[in-house]
Amino acid sequence: MEEIEKTLTKEQALIEAERCLYCYDAPCEKACPAHVPIPEFIQSIRSGDLRGGREIIEEAHPLIESCGRICPEESFCQSACTRAQIDSPIKIRELHRYITDHTDPAENLELPPANKGKIAIIGGGPAGLACARELRRMGYEPVVFEKKQLGGVPAQEISPTRFPREIEQKEVKFLHQYFITDVKDGKVKSLSDIKGDYKAIFIATGLINELDLDIPGVSLSGVHHAREILRRVKAGNNSGLGKRIGVIGGGNVAVEVASVLMLEDPKRDVEVIYRRGLKELKAFKKEIEEAIDVGVTFQFLAIPKEIKGENGKVSGIVVTRAHLGEPDESGRRHPEPIPNSNFFIPLSDVVIAIGQKASDFFPEVEKDRKGLIKVNDDMMTSVKGVFAGGDIVRGASTVVESVADGKKAAKAIVKFLEGGE
Ligand code: SF4
């Protein structure tokens with residue numbers, strides 16, 4: 001699968017960098033959860049010092065290859081860009097990507113001796129890797145527990161059309177080489193599973209499980225979970241799905257899997273079936289536009305009622321037309337079923353993409369009603385010396401927010417172990 005977005009040419013990057021106003025208060029940088037010094041790296045493009053630009057970004061952000069490609073800039077840096085008041089925001093993410101595409105990770109990195117003790121990091125995704133890098137730079141020995149592939153969701157699931165394998169492997173290889181003392185592929189379900197002399201623990205498992213659809217027919221053959229499909233395709237395998245696919249959901253995962261299935265076989269019909277309207281879709285605007293560009297269709301205000309089957313295999317889905325009522329606890333208008341409005345959509349496969357849920361691991365630490373781990377301002381859980389961050393604390397979020405948590409937790413762990421600020 002070809003990557004959709006092309007990197008900026010030198011001319012395009014220079015013209016874009018020239019548009020930057022170099023705001024002294026840099027609202028872009030404040031809006032970036034990792035506080036990347038954006039005006040500085042844009043300046044490096046103008047002066048032709050891309051290596052310098054890479055070092056500026058890398059200093060603030062360990063996962064710069066992934067964020068140069070998959071960061072939802074319209075929700076962070078570019079949403080605050082002053083230039084938007086004149087014409088349009090600076091293409092900050094694409095300039096970030098321009099730098100990472102034209103430079104390589106540093107070699108022979110100089111790091112302080114790793115002699116301050118081992119820290120256990122449970123989960124090798126963005127939060128865990130960011131925490132490991134910060135801790136290693138402060139002289140600690142991060143030991144990462146990861147039973148799947150280092151890199152987490154971006155490495156295992158994000159479509160190769162948005163984040164090619166060779167790019168993510170370049171990033172993970174660099175982080176593993178310099179900042180991770182050891183990787184253990186053991187399954188960690190409780191703190192008591194972690195034997196050994198770890199000075200502190202950082203839980204960054206992410207959200208492993210997918211929510212299930214509670215309607216008749218979900219056990220039919222031809223019913224799938226979205227992230228399962230994304231992992232299969234990201235690993236280079238064919239999804240194995242048929243010609244008429246219904247994707248249930250309205251978030252980034254739903255729109256991503258729909259695009260991936262359409263790109264895998266453009267002769268397919270792939271329809272996103274969502275119980276609210278276009279405005280209520282939770283997916284990022286750019287993802288929705290890319291899905292429409294590759295031919296994905298949307299069935300709005302349609303509530304799944306029952307998955308129908310023949311000979312144990314999916315034949316379609318019955319949905320009820322809805323209208324939007326008063327806002328519910330999510331703050332969004334609630335989809336109210338319209339009486340006698342059921343209709344049938346013939347399908348070969350149904351893909352469920354209605355969200356993720358926390359696993360019931362780590363019974364020792366306090367959780368909220370959604371099963372997410374509770375932490376204080378220092379990212380410490382209810383158990384002293386045990387910290388947590390990323391999606392297992394925030395719920396489904398973004399790579400850059402997980403990176404921000406990993407950085408913050410690393411500083412808090414050092415403060416906890418060494419006292420002082
Ligand atoms: S807010 Fe926009 S114009 Fe201002 S420094 Fe950041 S990128 Fe440049």
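No lab work stands behind these numbers, since they all come straight from the coordinates. Owing to the predicted nature of the structure, the values given are computational and were not obtained by experimental measurement. When we count neighbours, we look across all protein chains shown, and the Cβ atoms used for this are built from the backbone with ideal geometry, even at glycine.
So the values come out like this:
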quantity	calculated
Neighbourhood net charge (11 Å Cβ-Cβ; Lys/Arg +1, Asp/Glu -1) for residue 38	-1
Computed [θ] at 222 nm, helices only, for the chain once each DSSP H run of length n ≥ 4 contributes -39500 (n - 2.57)	-9500 deg cm²/dmol
Mean Kyte hydropathy of 0.0 or more with a Cα span along the axis of at least 27 Å, helices from DSSP in the chain	399-418
Simple spin-label estimate for residue 115 and residue 238 in nanometres, 7 Å along Cα-Cβ	5.8 nm
Label zone at residue 330, where the point sits 7 Å out along the Cα-to-Cβ direction: region 358-394 residues whose backbone N lies under 16 Å	358, 370
Percent RCO, i.e. relative contact order, over the chain, from Cα pairs under 8 Å lying at least 6 residues apart	17 percent
Computed lengthening from residue 189 to residue 286, 0.36 nm per intervening residue step minus Cα-Cα distance	31.3 nm
Overall form of region 233-317 per C-alpha gyration tensor (a/c, 1.5; a/b vs b/c)	oblate
For peptides 102-108, 167-173, 32-38, sequence by mean Cβ density within 10 Å, most packed first	32-38, 167-173, 102-108
Neighbourhood charge, 10 Å Cβ-Cβ cut-off, centred on residue 102 and excluding it, Lys, Arg +1 and Asp, Glu -1	+2
Label zone at residue 137, where the point sits 7 Å out along the Cα-to-Cβ direction: region 168-208 residues whose backbone N lies under 19 Å	171-182, 202
Net dipole in debye of region 1-155 [+1 Lys, Arg Cβ; -1 Asp, Glu Cβ; about Cα centre; nearest 20]	480 debye
Part-to-part distance (alpha-carbon centres) for region 162-222 and region 357-386, which is given in Å	17 Å
Order by protection proxy (mean Cβ within 10 Å, highest first), peptides 392-403, 177-188, 203-214	392-403, 203-214, 177-188
Contour excess over end-to-end distance, with Cα ends at residue 75 and residue 108 and 0.36 nm allotted per residue	8.3 nm
Cβ-derived FRET efficiency at R0 41 Å, residue 342 paired with residue 55, nearest 0.05	0.10
Amide H contacts of residue 338 (H built 1.01 Å from N, under 5 Å, at least 5 apart or other chain)	321, 322, 323
Total charge dipole magnitude, the chain, about the Cα centre, Cβ charges on Lys, Arg, Asp, Glu only, Debye to nearest 20	760 debye
Partner lysines for residue 189 [C-alpha distance under 23 Å; skip if fewer than 8 residues away on the same chain]	118, 147, 148, 199, 357, 367, 370, 374, 384
Global geometry of region 210-356, whether rounded, prolate or oblate, following the gyration tensor of its Cα atoms and the 1.5 cut on a/c	oblate
Local electrostatic count, residue 280, Cβ distance below 14 Å [Lys/Arg +1, Asp/Glu -1]	+4
Cα gyration tensor, region 378-419 - rounded (a/c under 1.5), prolate or oblate	oblate
Residues of region 96-128 with amide N under 18 Å of a point placed 7 Å along Cα→Cβ from residue 199	111-122
Spin-label pair residue 417/residue 21, simplified geometry with 7 Å Cα→Cβ offset, distance in nm	4.4 nm
FRET efficiency for residue 88 and residue 221, using Cβ-Cβ distance with R0 set to 45 Å, rounded to 0.05	0.40
Built amide H within the under 5 Å cut-off of residue 273, gap 5+	247, 248, 249, 299
